[in-house]
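The numbers here are math on the coordinates, done by the rules we state, and not lab data. Keep in mind that this is a model prediction, so the values were computed, not measured. Positions of Cβ are generated from backbone atoms using ideal geometry, with glycine treated the same way; all protein chains shown enter the neighbour counts.
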Amino acid sequence: MLRFRSLGSGSSGNATLVEAQSGAHTTRLLIDCGLRLRDIEARLIEAGTCAEDLDAIFITHEHGDHFGCARSVVNRYSTPLWMSQGTWLAVSDEAWEPHSHLLNVARDGCTIEIGSLQALPFTVPHDAREPLQLRCSDGNRHLGIVTDLGHPSSHVVASLQGCHALLIEANHDPDLLQASAYPNFLKQRVAGPWGHLANHAAADLLKRVLHDQLSYVLAAHLSERNNTPELARASLSEALSCAPSEVNVADPVTGSVWVTV
């Protein structure tokens, strides 16, 4: 069985828990640690587990709303850590040395075996050193997780084909972004090809990977200033040919319920 739960997703921080169960054993992977340590610990408990039970952590890239408290979690729990070489170069310093044996380098297209979970990293167009997103599987069902990308590249589209569930970025509404108090350079960065997915771009990506077996879509990483759940739902529901009320949106604080893929 494969299932996932957002522990919180938005401009203030992101973390997603993925579980794969095989017999009596459950493998737990935390994707990103973009929250405070005490919040990660508390939200894991709310999800029915705890930080000690994590089999690994995967960091998608070095930005603070994703890297967050990863260092603190590793220091406290000695949890194996996966990230790209580029992300490691962006965050590494002498303080990591005592825990360098816990670091594992992830590469685009190279499957990571963690217990009964297979995680396939793929590159995305984003303004970080070497950002990676993930396709997770228990060998039967497939979950695609893709946030923090400026546009849906052909590689991203190919990497998400055939997924049974998706957690997908719907970061901003272009009109709200342009009318916001953001300085022009930041507006250009967010809306640019190496920034974040607008609602309509997320909908376009969905149309390109949609198939009959895709049963669940969770919109994530919504900007708290430049988007609303209603606008995200309206865009994605058109792509999914469903009512806006049927589109699920991850909350910045409460995340989401458990979703079985």
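Counting every other Cβ atom within 10 Å of each residue's Cβ, T123, T16 order from fewest to most as T123, T16. With just the Cα atoms defining each centre, how far is region 86-101 from region 107-172? Give it in Å. Centre-to-centre distance over Cα atoms comes out at 24 Å. Separation of region 225-253 and region 28-76, taken as the distance between their Cα centroids, equals 26 angstrom.
Highest mean packing first, where packing is the average number of other Cβ atoms within 10 Å per residue, the peptides 194-200, 102-108 line up as 194-200, 102-108.
Across the alpha-carbon atoms of the chain, the computed radius of gyration and Dmax are 17.2, 53 angstrom. Here is the list for region 1-71: trypsin sites (Lys or Arg not before Pro) lying in DSSP coil, each with at most 13 other C-beta atoms within 10 angstrom of its C-beta, are R36.
Quick one: among T60, T49, T79, which has the greatest mean-square fluctuation in a GNM of the chain with alpha-carbon springs under 10 angstrom? Comparing T60, T49, T79 in a Gaussian network model of the chain, the most mobile one is T49. Qualifying GluC sites (Glu not before Pro) in region 43-138, where qualification requires a DSSP coil assignment and no more than 11 other C-beta atoms within 10 Å, are lacking entirely.
Other residues within the sphere of radius under 15 Å centred on the Cβ of V257, judged by their own Cβ, net out at -1 (K and R +1, D and E -1).
Rounded to the nearest 500, the helix-only mean residue ellipticity at 222 nm of the chain stands at -7500 deg cm²/dmol, with each DSSP H run of n ≥ 4 adding -39,500 (n - 2.57). Counting Lys and Arg as +1 and Asp and Glu as -1 over every other residue whose Cβ lies under 15 Å from the Cβ of A20, the net charge comes to 0.
Taking R0 as 35 Å, what's the FRET efficiency between V91 and A181 from their Cβ-Cβ distance, rounded to 0.05? For R0 = 35 Å, the calculated efficiency reads 0.70. For region 220-261, applying the loop criterion from DSSP together with a ceiling of 12 other beta carbons within 10 Å to the GluC sites (Glu not before Pro) yields E224.
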